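Working notes for the structure below.
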Amino acid sequence: MQGPKDATEATCRAHAHLREHLPKASDEDFELSKRGFIATIPDARILNDAGHAVWEMTSFAFEAEATPPDTVNPSLWRQAKLNMIHGLFKVTERIYQVRNFDLSNITFIEGDKGYIVIDPLISSETARASLDLMRKHRGDKPVTAVIYTHSHVDHYGGVKGVLSDEEIARGDVRILAPEGFLEEAVSENVLAGNAMGRRATYMYGALLPRGPKGHVDAGLGKTVSLGQVSLVPPNEIISETGTKLVVDGVEIIFQMTPDTEAPAEMNFYFPQMKALCMAENCSCHMHNIYTPRGAQVRDAKSWSYYINEAIDLFGADTEVLFASHHWPRWGSDVAVEFLKKQRDMYKYVHDQTLRFANHGLTPTEIAEEITLPPSLAREWYTRGYYGTLNHNAKAVYQRYLGWFDGNPANLHKLPPVEAGKRYVELAGGADNLLKHARAAFDKGEYRWVAEIVNHLVFADPSNADARHLQADALEQMGYQAESGPWRGFYLTAAMELRNPRPPSATPRTGAAGQLRALPAEQLLDALSVRLNGPKAGERRMALNLEFTDTKERYLLSLENAVLHHVKNKTEAKPDASIAITRAGFVDLLLGEKTLDALVAAKSAKVEGNGGALTELVGLLDQFDFWFEIVMP
């Protein structure tokens, strides 16, 4: 296996240039991130039931060095050191956070009878370890409520680490979420889950070795945990700003913030503690208006508006501000100043992108032109550790004007393999193209190298010289990147170009584990996107489907290569009527059991042609999580 290389002189020069333009050196963030520390566990090491680590900080010990290595952007190195500070912290009276036991924070509010849990991380194991730490130091109390601030998996995936199956079945624990939470969670993590999950391996550097030449930080947090992901649907929906609830003796005032950092998101204020939770709408960096793992483009204008509304609603009374990532801020003036600059950062990107667009600049041109004003650029918490000014400007353009820049040459471009062959031919062949690319590499022109060699890689992925030169260029771009996700994309691509993965013997579908927790509507939506339309052709069928454990009934119909489902409707003369448990249906969809086996186990009953359901399942694609990204 070919490993990473050293930083070049051009990369070292880029780091030196950056240091001259960074905000003033300050220990303030380190002091804030350590304030209120109570305890942690050794190396934040968390194991699953099999004894494997799903989270640990030991492998990041190299970040104890004060001086950043040449292979890491010096600004990202600072953020990485901040995200090493882990454990249980007191935010204010009755409010505690466990930070850096996962990508996100888990927050505990002490209620009258137990703990209100805000955002139970990605994995059950990390959430459980956090709750154990809280109980050890603040008392062995039950979880009385769970609040999901928004619809991203790092804010709900560990819910079964804080709630047992028995508690979930009883339904007496309040689970609160913003309106649209479940639909948006399914949209991102299931309907597009396979593609998004694969891209996330790049974004979070999940496949990279941890070290100065590999993964150092994700910007938003250290990285993603590798435990069991779960989803328990909310049983209480918040839909209006100003909603006031008393949850386990704690008064909460909610602010709806749709189409901000997530399509379904909410902030909330605790009057008794004078504490404002900004969910993920304000964190200690510039966030993504478009996330490179893939998701709906976010509305920077709305994002700014709702931060401003939070200032108006709660700013004057806020004595502590905390969020679902990073560290809190204390003091009303400090909190409001932070909120104002976060507000203006997103509004600035929005307004200036559209100003440039109305002058006729394309997304790529705008991304090269736009810079933050001095009053924003001087703050560490506006740095592009996660989102970047470059790709956020492109996102604003896309939201208003779409992917097309108006130039008809870009309206119907050749696909990458065909275009690659033509570019290689135009360059005078592979050897000539590589000759020019190597000369550009020696000059430190890594962006140009990546652009031209990409054509050769797609024209002929077997050309090892092309793959290795492309890897070398992307690697230096990764070393220079201030954004954790950009570094992750560049270095993961370099690794896969140098060490191609053999084709999967058995496709592994991403997000499959979440299917078991989905309500029927979302489960059948997920089924529809797996239908292979050309394979279905003109086949028609109708199936009456009943889930015996939930008593839900659906008509499944296939026509025009589209799969439909309608609740509480039946076909008088269906191809088959199937009564089946939800678990059995998911087993069938995942290929873990056959219909005959389910019938034999009395988990399913079939009237009519049971082969029709088997045929339908046969028309569904099995997505391969390990599809290629940087090669055809």
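Under the condition of being part of a loop (DSSP other than H, G, I, E, B) and small (Gly, Ala, Ser), which residue from segment 437-469 is most open to solvent (accessible area, probe 1.4 Å)?
So the residue we want is Ser462.
Residues in segment 52-67 that are within 21 Å of Pro4 (Cα to Cα) and in contact (Cβ under 8 Å) with a residue 40 or more places away in the chain were compared, and the one that is farthest from the chain's Cα centre (by Cα) is Phe62.
Sub-7 Å Cβ pairs linking a first residue in segment 292-305 that is more than 20 Å from Phe338 (Cα to Cα) to a second residue that is in a loop (DSSP other than H, G, I, E, B) and of a type in the set (Gly, Ala, Ser), at least 6 apart or interchain, are Gly294/Ala192, ordered by first then second residue.
Answer yes or no as to whether Ile168 is more than 28 Å from Ser528 (Cα to Cα), open to solvent by less than 10 Å² (accessible area, probe 1.4 Å) and hydrophobic (A, V, I, L, M, F, W, C). No, not satisfied. Restricting attention to segment 569-604, the residues being of a type outside the set (A, V, I, L, M), farther than 22 Å from Ala195 by Cα and in contact with a Leu (Cβ under 9 Å, 6 or more places away or on another chain) number 11.
Every residue, every condition in (1) open to solvent by 40 Å² or more (accessible area, probe 1.4 Å); (2) part of a loop (DSSP other than H, G, I, E, B); (3) modelled with pLDDT of 95 or more; (4) of a type in the set (A, V, I, L, M, F, W, C), yes or no:
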site: Pro4; (1), (2), (3), (4): yes, yes, yes, no
site: Ala80; (1), (2), (3), (4): no, no, yes, yes
site: Lys90; (1), (2), (3), (4): yes, no, yes, no
site: Asp102; (1), (2), (3), (4): no, yes, yes, no
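If only residues of segment 177-198 that are closer than 30 Å to Tyr490 by Cα and surrounded by fewer than 19 Cβ atoms within 10 Å (Cβ to Cβ) are counted, the one that is modelled with the lowest pLDDT is Leu191. Residue pairs whose Cβ atoms lie under 7 Å apart, sitting 6 or more positions apart in sequence or on different chains, and linking a residue in segment 18-44 that is on the phi > 0 side of the Ramachandran plot and at pLDDT below 95 to a partner that is small (Gly, Ala, Ser) and open to solvent by less than 100 Å² (accessible area, probe 1.4 Å), do not occur here.
Take the conditions over 23 Å from Pro519 (Cβ atoms) and surrounded by 22 or more Cβ atoms within 10 Å (Cβ to Cβ) and apply them to Leu245. Does it pass?
Working: over 23 Å from Pro519 (Cβ atoms): yes; surrounded by 22 or more Cβ atoms within 10 Å (Cβ to Cβ): no.
No.
For Arg174, the criteria (1) open to solvent by 10 Å² or more (accessible area, probe 1.4 Å); (2) at pLDDT 95 or above; (3) under 14 Å from Ala295 (Cβ atoms) hold in every case but one, which is (3). Here Glu559 meets the list (1) surrounded by 15 or more Cβ atoms within 10 Å (Cβ to Cβ); (2) at pLDDT 95 or above almost entirely, failing just condition (1). Taken over segment 379-436, the criterion of being of a type outside the set (D, E, K, R), assigned to a helix (DSSP H, G or I), closer than 30 Å to Ser302 by Cβ and open to solvent by 70 Å² or more (accessible area, probe 1.4 Å) is satisfied by Gln398, Tyr400, Leu401.
Run down Asp299, Asp259 and say which single residue is open to solvent by 10 Å² or more (accessible area, probe 1.4 Å) and at negative phi.
Details: Asp259 fails: at negative phi.
Selected residue: Asp299, the only one of Asp299, Asp259 that is open to solvent by 10 Å² or more (accessible area, probe 1.4 Å) and at negative phi.
Kindly establish whether Glu546 is acidic (Asp, Glu), open to solvent by 50 Å² or more (accessible area, probe 1.4 Å) and modelled with pLDDT of 95 or more. When the stated conditions are applied, Glu546 does not pass them. Once segment 143-164 is narrowed to residues that are touching a Ser or Thr at 6+ places or on another chain (Cβ under 7 Å) and assigned to a loop (DSSP other than H, G, I, E, B), the residue that is farthest from Ala295 (Cα to Cα) is Gly158. Here Pro120, Pro178, Pro209 are screened, and the one residue that is over 27 Å from Thr257 (Cβ atoms) and of a type outside the set (Lys, Arg) is Pro209. Filter segment 470-511 down to the residues that are in a loop (DSSP other than H, G, I, E, B) and among the β-branched types (Val, Ile, Thr), then identify the one that is farthest from Leu18 (Cα to Cα). Taking the candidates together, the pick is Thr506. Going through segment 208-227 one residue at a time, which ones are part of a loop (DSSP other than H, G, I, E, B), farther than 24 Å from Ala323 by Cα and touching a residue at least 12 places away in the same chain (Cβ under 8 Å)? Listed by number, the residues that qualify are Leu208, Gly211, Pro212, Lys213, Gly214. Checking each residue of segment 508-520 against the condition of being more than 34 Å from the chain's Cα centre (by Cα) and either crowded, with 17+ Cβ neighbours inside 10 Å or among the hydroxyl-bearing types (Ser, Thr, Tyr) (or both) gives no match.
Taking segment 201-235 as the range and being among the aliphatic types (A, V, I, L, M) and either touching a Gly at 6+ places or on another chain (Cβ under 6 Å) or crowded, with 20+ Cβ neighbours inside 10 Å (or both) as the test, the residues that pass are Met203, Leu208, Val216, Ala218, Leu220, Val224, Val229, Leu231. Apart from one condition, Thr506 fits all of (1) more than 30 Å from Thr8 (Cβ to Cβ); (2) at pLDDT 95 or above; the exception is (2).
Summed over segment 595-632, the residues that are farther than 30 Å from Ala419 by Cα and among the β-branched types (Val, Ile, Thr) give a count of 4. Count of segment 574-588 residues, restricted to those that are open to solvent by 10 Å² or more (accessible area, probe 1.4 Å) and touching a residue at least 24 places away in the same chain (Cβ under 8 Å), is 8.
The residue of segment 6-17 that is least open to solvent (accessible area, probe 1.4 Å), among those that are farther than 14 Å from Arg487 by Cβ and outside any loop (DSSP other than H, G, I, E, B), is Ala10. Residues in segment 268-296 that are of a type in the set (A, V, I, L, M, F, W, C) and modelled with pLDDT under 95: Ala295 only.
Cβ-Cβ contacts under 7 Å between residues 6 or more apart (or on different chains), taken from a first residue in segment 182-202 that is over 14 Å from Gln296 (Cβ atoms) to a second residue that is buried (at least 21 other Cβ atoms within 10 Å of the Cβ) and among the aromatic types (Phe, Trp, Tyr), are listed as Tyr202/Phe489.
For His21, indicate whether it is within 28 Å of Thr107 (Cβ to Cβ) and loosely packed, with under 15 Cβ neighbours inside 10 Å. Steps first, answer last, please.
Working: within 28 Å of Thr107 (Cβ to Cβ): no; loosely packed, with under 15 Cβ neighbours inside 10 Å: yes.
No: the conditions fail for His21.
The values are calculated or read from the model by the stated rules, or taken from the named source; none is laboratory data. Here the structure is a predicted model, which means the values were calculated and not measured. Neighbour counts run over all protein chains shown; Cβ positions are idealised from the backbone, glycine included. Side chains included, ligands, DNA and RNA excluded: accessible areas come from the protein's heavy atoms. Shrake-Rupley method; radii C 1.70, N 1.55, O 1.52, S 1.80 Å.
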